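Read the figures in this text as sums done on the coordinates, not as results from a lab. None of the values given here were measured: they were computed from a predicted structure. Here Cβ is always computed from backbone atoms with ideal geometry, including for glycine, and neighbour counts include all displayed protein chains.
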Amino acid sequence: MKKNSKIKVVLVGCGAISRAWLYAATREKEIEIVGLIDIKKSNAEEKAREFKIVGAHIDTNFKEALNRLKPDAVFNCTVPEAHYETTMTALKHGCHVLVEKPLAHTLNHARKMVEQAEKSKKVLAVIQNRRYYNYIRGVQRFLISGKIGELTTVNSEFYIGAHFGGFRDQMKHVLLLDMAIHTFDMARFLTASDPLAVYCKEWNPAGSWYKYDASANAIFHMTGGLVYTYLGSWCAEGMNTTWAGNWRFIGQKGSAIWDGMNNFSAQKVVGCKGFIRKTRNLDIKFPHKKDENEGHWGLISEFLQCIKTGKKPMTSADDNIKSLAMVFAAIESAKKKKEIQIRI
Ligand SMILES: NC(=O)c1ccc[n+]([C@@H]2O[C@H](COP(=O)([O-])OP(=O)(O)OC[C@H]3O[C@@H](n4cnc5c(N)ncnc54)[C@H](O)[C@@H]3O)[C@@H](O)[C@H]2O)c1
């Protein structure tokens, strides 16, 4: 690829989330969308019209489109079950790939995808867009500053009564596989720790509109002796949390609570006497919005830079697989009703 030439991109899977990608991609000067592919042609045609993408090749056959267009990169927005095949095909065609979460539908597939990316010497990264929000970055910086001491315990709660329709209604482990991956990845990012073991219970609440389990509670043992607990449901009507969830961080010198957006409070212990020790409130400085790119767009920009510079994106698949391993270990624990050691 020439230094100043545009990066030719084919986007595969033109469903709901592709809008977030195309919004960013059509504003990025370095990108030329050369193809829009979907097994349902009308979805690709609709997105071409909506985003005024003139001249892009529209197809239902991904392999043929890759042979014909020879793109530099593929944006993979297909459903989770199709991530493995489409990503492997793209890597084998010499393309860098940015794929929607979850990286793969099985851990074995994810391992093969990481191996193939190394073999093809291409960037393979996952849209773990929450890492690219200013609020989470602000909280992460606060936590690593050590103001509340070394973290010992982290709790997160995710409760949203989401009526999607579509593939999720029939998806096994829908909460853990399709959504908890975001929260688990956030836990790794916020605490700078990696998973060692998990005990999980998964269930489908009475009255659920999902076919399979839409609620789960999990306790993870993380590196550094940290315990991280996850409570979640996609089938909880009313009193919804934010999409990033509610969080409590307990350090050796204080605690912090966060609503996943801009409500963050923290207290540091300053006294050394009394039943409840005296505390002082701590401030947090969230970065100004323009300091860092947000969400999908931020990740897409970083991916483009990494293609050019050869650097690894923060959500490179060989690191992201650790977040995915949390998901599959939680599923295995729920099935076997016992604690599972996490191996990548
Ligand atoms: N990062 C986020 O915040 C976020 C949010 C929503 C969805 N997602 C993820 O995005 C992905 C897609 O979700 P969605 O809500 O857009 O689903 P969707 O069903 O609306 O769209 C998926 C599209 O992929 C197409 N498709 C399926 N298999 C294909 C294949 N083999 N080749 C080509 N096209 C194929 C479908 O026809 C459909 O148009 C999922 O992995 C989902 O978890 C991520």
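Some notes on this structure:
- Every residue from segment 189-211 that is out of contact with any helix residue (DSSP H, G or I) (no Cβ under 6 Å at 6 or more places or on another chain) and either crowded, with 18+ Cβ neighbours inside 10 Å or assigned to a loop (DSSP other than H, G, I, E, B) (or both): Thr191, Ala192, Asn204, Pro205, Ala206, Gly207, Ser208, Trp209
- For Val34, the conditions (1) buried (at least 18 other Cβ atoms within 10 Å of the Cβ); (2) more than 24 Å from His173 (Cβ to Cβ); (3) within 25 Å of the chain's Cα centre (by Cα) all hold with the exception of (3).
- Scope segment 17-33; condition within 16 Å of the ligand (Cβ to nearest atom) and farther than 16 Å from Glu302 by Cβ; matching residues: Ile17, Ser18, Arg19, Leu22, Tyr23, Ile33
- Elements of the type helices (runs of 4 or more DSSP H) sitting completely within segment 1-111 and holding at least 3 residues that are polar (S, T, N, Q): these cover 80-92.
- Of everything in segment 2-16 that is within 23 Å of the chain's Cα centre (by Cα) and surrounded by 16 or more Cβ atoms within 10 Å (Cβ to Cβ), the residue that is nearest to the ligand (Cβ to nearest atom) is Gly15.
- Residue identified as away from the ligand (no atom under 16 Å from the Cβ) and touching a residue at least 60 places away in the same chain (Cβ under 8 Å) among Val74, Val123, Val79: Val123
- Members of segment 115-167 that are more than 30 Å from Met88 (Cβ to Cβ) and assigned to a strand (DSSP E or B): Leu151, Thr152, Thr153, Val154, Asn155, Ser156, Glu157, Phe158, Tyr159
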